[in-house]
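The values are calculated or read from the model by the stated rules, or taken from the named source; none is laboratory data. Model, not experiment: these values are computed from the prediction. Here Cβ is always computed from backbone atoms with ideal geometry, including for glycine, and neighbour counts include all displayed protein chains. Accessible surface areas use protein heavy atoms only, side chains included; no ligands, DNA or RNA. Shrake-Rupley method; radii C 1.70, N 1.55, O 1.52, S 1.80 Å.
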Amino acid sequence: MKNVVAIVALLAWVCLGDGQSTLSFLDPNCGTSVAGSRRWRSRIIGGETANMFGNPWMVLIQSSISCGGTLITNRFVLTAAHCIRNSPTIAFLGEFDRSTRTDCSGRACLPRAIGIPVDAKIAHPRYVHHSRDDIALFRLARTVQYTDYIKPICLVTNYNLLPQTRVLTATGWGETENTPGSNVLKTTTLTQADRSYCSAIYGRVDMSHICAGDYDSHVCRGDSGGPVSSNFRVNGINRVVQLGIVSYGDTECTQWSVFTNVMHHMNWIVDTVRRRQRPNPRNSHNRINNLL
């Protein structure tokens, strides 16, 4: 992520009323973290280092290229279709600083990240180029045991939260103004804009996309496949819900960017996870029916 000037703002979240208190999540054990269990506070935005304990759903995808992704169930990672390569692919979970084996803050350390091979890469059937349906599911070779440091982000299956969301958070290990890729996980706050704004820059941008950006910070190469999300308070619990996937922007990483609209593709996500889940015979209770 490229940062020009860091600014201070309140971390925005949306409190859902009674009408949306029955939101259905792809995996109900989603969207909470050790860091997020505390009350939201002011923070610095604009390409700053993420909270080490605040993004347990983040996945570092390594093949012939590096991409971001998110854990959405105990077997599937959500990412961009343009991150698919023919080379062997490993998904690293519980990662924060990819230059160290053990990541520590002044108070605590993360358990060592785990790498799991990807045994299926499933692009959206209409994907041809990043400008349309740039979304994919990567199936892990084995199921994941959830911990405080590895757990899924929330995907809402029965309600579209995007229209009532203005502030989004992007997270990734992408290129910065000083390096070809960040070793530590970065985060920035973006503002959702009308799609016509991005259409004027890139051509056709439709309901399958999200247009968002910031004057001081931008997603860039290496952030592809990572999430744009927002914080929602549901039944008294703060949850992080993924709304988009980093897809494309300008080559200099200085303009508003285009993100795949996750809500637009939710039926495909749910159907694909159901069909392509391969239960571990030793853990038959982990069937996808228990996650929906």
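Among the residues making up segment 153-164, none is open to solvent by less than 10 Å² (accessible area, probe 1.4 Å) and more than 11 Å from Gln242 (Cα to Cα). Annotation: His130 fulfils all but one of (1) open to solvent by less than 30 Å² (accessible area, probe 1.4 Å); (2) in a loop (DSSP other than H, G, I, E, B); (3) touching a Phe, Trp or Tyr at 6+ places or on another chain (Cβ under 7 Å); the unmet one is (1). Within segment 203-219, being modelled with pLDDT of 90 or more and either touching a helix residue (DSSP H, G or I) at 6+ places or on another chain (Cβ under 9 Å) or under 24 Å from Pro56 (Cβ atoms) (or both) holds for Val205, Asp206, Met207, Ser208, His209, Ile210, Cys211, Ala212, Gly213. Taking the conditions (1) open to solvent by 20 Å² or more (accessible area, probe 1.4 Å); (2) farther than 19 Å from Thr79 by Cα; (3) at pLDDT below 95 in turn, Gly222 satisfies each one other than (2). Residue-level check: of (1) surrounded by 24 or more Cβ atoms within 10 Å (Cβ to Cβ); (2) farther than 16 Å from Cys154 by Cβ; (3) at pLDDT 90 or above, Asn267 misses just (1). Against the list (1) more than 25 Å from Asp148 (Cα to Cα); (2) open to solvent by less than 10 Å² (accessible area, probe 1.4 Å), the condition Leu78 fails is (1). Pairing residues of segment 126-148 that are within 15 Å of Thr73 (Cβ to Cβ) with residues that are part of a loop (DSSP other than H, G, I, E, B) and among the β-branched types (Val, Ile, Thr), at Cβ distances under 9 Å and at least 6 apart in sequence or on separate chains, gives Ala136/Ile84; Leu137/Ile72; Phe138/Ile84; Phe138/Thr89; Thr143/Thr73; Val144/Thr73; Val144/Ile150. Scanning segment 111-127 for residues that are in a loop (DSSP other than H, G, I, E, B) and closer than 23 Å to Val246 by Cβ yields Ala113, His124, Pro125, Arg126, Tyr127.
For segment 176-183, indicate whether the set of residues that are in contact with a strand residue (DSSP E or B) (Cβ under 8 Å, 6 or more places away or on another chain), open to solvent by 10 Å² or more (accessible area, probe 1.4 Å) and modelled with pLDDT of 95 or more is non-empty. No. Taking residues in segment 197-210 that are open to solvent by less than 30 Å² (accessible area, probe 1.4 Å), and partners anywhere that are part of a loop (DSSP other than H, G, I, E, B), the pairs with Cβ atoms closer than 6 Å and at least 6 places apart or on different chains are Cys198/Val205; Cys198/Trp256.
Only one residue in Leu155, Leu168, Leu190, Leu140 is within 23 Å of Gln62 (Cα to Cα), of a type in the set (A, V, I, L, M) and in contact with a strand residue (DSSP E or B) (Cβ under 9 Å, 6 or more places away or on another chain). Which one? I'd like the intermediate steps shown before the answer.
Numbers: Leu155 fails: within 23 Å of Gln62 (Cα to Cα); Leu168 fails: within 23 Å of Gln62 (Cα to Cα); Leu190 fails: within 23 Å of Gln62 (Cα to Cα).
Sole residue among the options that is within 23 Å of Gln62 (Cα to Cα), of a type in the set (A, V, I, L, M) and in contact with a strand residue (DSSP E or B) (Cβ under 9 Å, 6 or more places away or on another chain): Leu140.
Have a look at Ala113, Ala120, Ala108, Ala136 and point out the one that is modelled with pLDDT under 95 and either buried (at least 17 other Cβ atoms within 10 Å of the Cβ) or touching a Lys or Arg at 6+ places or on another chain (Cβ under 9 Å) (or both).
On the way: Ala120 fails: modelled with pLDDT under 95; Ala108 fails: either buried (at least 17 other Cβ atoms within 10 Å of the Cβ) or touching a Lys or Arg at 6+ places or on another chain (Cβ under 9 Å) (or both); Ala136 fails: modelled with pLDDT under 95.
On inspection, the qualifying residue turns out to be Ala113.
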